[in-house]
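Colleague: Just passing along the structure, written as structure tokens.
The values are calculated or read from the model by the stated rules, or taken from the named source; none is laboratory data. Note that the coordinates shown come from a computational prediction; the quantities given were computed from them, not determined experimentally. FYI the Cβ positions are ideal-geometry reconstructions off the backbone, even for glycines, and counts take in every protein chain you see. Quick note on the areas: whole protein, heavy atoms, side chains included, nothing else; ligands and nucleic acids left out. Shrake-Rupley method; radii C 1.70, N 1.55, O 1.52, S 1.80 Å.
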Amino acid sequence: MKAALGSLLVASGFALASLGSAPAARAADFMLTSPAYQDNAPLQAKNAGDNKANPNCVGQNVSPPLAWANPPDGTKSFALLMFDPEGRGGLGVSHMVTYGIPASVKGFKEGELSQPSDKYVGGKSTMDKATYFGPCTPPGDWHHYTFTLIATDLEPKALDAGLTRDELLGKLNGHAKGAAGLVVRFRHPK
């Protein structure tokens, strides 16, 4: 028993000593945020899609503002995706595929992703859009919308326009340096 207690004290001492010699504080985390929404917050109706032919589209298709900080060293461009995993009965809906965002860009203002821009290359969403297209959820349960920002080592104009989410992820294989995410929710107001 004495030997076991002694071993425990010695092990504890080593553990405490190693805490004292921990490496210097690491760089700040790569973060994606919104000045309008915290993680897991509900989107406003204005952020929903505006397809008048679809009764589930009850909004104005205004993209939320997004900002990011502390990208990994060597980042040359970003890709920004928005995906609804509950959409289409669980098959998922890609609401936005954008990439070729220069490393000098630190975010987008409200509504900026709803329009074509020189700040990004437009891909191809499930709705065949090259820009943001907001939620069009049927009445019922909440859907979760994940914004994923991927830091890459690719030059901003390295990839052609019109890539789908899956095509883009294939092209980024071996070029992704890190990712940050933000999840928001939306439920049809009826």
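Colleague: So the check is Cβ under 6 Å with 6+ separation or different chains; which pairs have a first residue in the stretch 40-51 that's on the phi > 0 side of the Ramachandran plot and a second one that's open to solvent by less than 60 Å² (accessible area, probe 1.4 Å)?
Modeller: Note: pairs meeting the criteria are 40/183.
Colleague: Of (1) open to solvent by less than 20 Å² (accessible area, probe 1.4 Å); (2) under 30 Å from residue 55 (Cα atoms); (3) among the hydroxyl-bearing types (Ser, Thr, Tyr), residue 152 satisfies all except one. Which?
Modeller: All conditions are met except number (2).
Colleague: For the stretch 132-146, which residues satisfy the criterion of being out of contact with any helix residue (DSSP H, G or I) (no Cβ under 6 Å at 6 or more places or on another chain) and either part of a loop (DSSP other than H, G, I, E, B) or crowded, with 22+ Cβ neighbours inside 10 Å (or both)?
Modeller: Within the stretch 132-146, 133, 135, 136, 137, 138, 139, 140, 141, 142, 145 qualify.
Colleague: Contact list please: Cβ distance under 6 Å, first residue in the stretch 68-94 and within 17 Å of residue 119 (Cα to Cα) and hydroxyl-bearing (Ser, Thr, Tyr), second residue part of a strand (DSSP E or B) and open to solvent by 60 Å² or more (accessible area, probe 1.4 Å), pairs at least six apart or on different chains.
Modeller: Listed pairs, sorted by first residue: 75/177.
Colleague: Only one of (1) out of contact with any Pro (no Cβ under 6 Å at 6 or more places or on another chain); (2) in a loop (DSSP other than H, G, I, E, B) fails for residue 182. Which number is that?
Modeller: Condition not satisfied by residue 182: (2).
Colleague: Being under 14 Å from the mean Cα position of the chain (by Cα), closer than 14 Å to residue 145 by Cα and surrounded by 20 or more Cβ atoms within 10 Å (Cβ to Cβ) is the filter here, so list the residues in the stretch 35-73 that pass it.
Modeller: Correct list: 37, 63, 64, 66.
Colleague: List pairs: first residue in the stretch 137-160 and without any contact (Cβ under 8 Å) to a residue 60 or more places away in the chain, second residue open to solvent by 40 Å² or more (accessible area, probe 1.4 Å) and of a type outside the set (Lys, Arg) anywhere in the structure, Cβ distance under 7 angstrom, at least six positions apart or on different chains.
Modeller: Listed pairs, sorted by first residue: 143/86.
Colleague: When you go through 48, 67 one by one, which is the residue that is within 22 Å of residue 152 (Cβ to Cβ) and either at pLDDT 95 or above or among the basic types (Lys, Arg) (or both)?
Modeller: It is 67.
Colleague: Filter the stretch 177-190 down to residues that are over 13 Å from the mean Cα position of the chain (by Cα) and open to solvent by 60 Å² or more (accessible area, probe 1.4 Å) and give me whichever is nearest to residue 73 (Cα to Cα).
Modeller: Across the stretch 177-190, the extreme among qualifying residues is 177.
Colleague: Which one is least open to solvent (accessible area, probe 1.4 Å) among residues in the stretch 98-115 that are out of contact with any Phe, Trp or Tyr (no Cβ under 7 Å at 6 or more places or on another chain) and farther than 25 Å from residue 73 by Cα?
Modeller: So, considering only residues that are out of contact with any Phe, Trp or Tyr (no Cβ under 7 Å at 6 or more places or on another chain) and farther than 25 Å from residue 73 by Cα, the one least open to solvent (accessible area, probe 1.4 Å) is 111.
Colleague: Within the stretch 87-109, is there a residue that is modelled with pLDDT of 95 or more, out of contact with any strand residue (DSSP E or B) (no Cβ under 7 Å at 6 or more places or on another chain) and under 20 Å from residue 45 (Cα atoms)?
Modeller: yes
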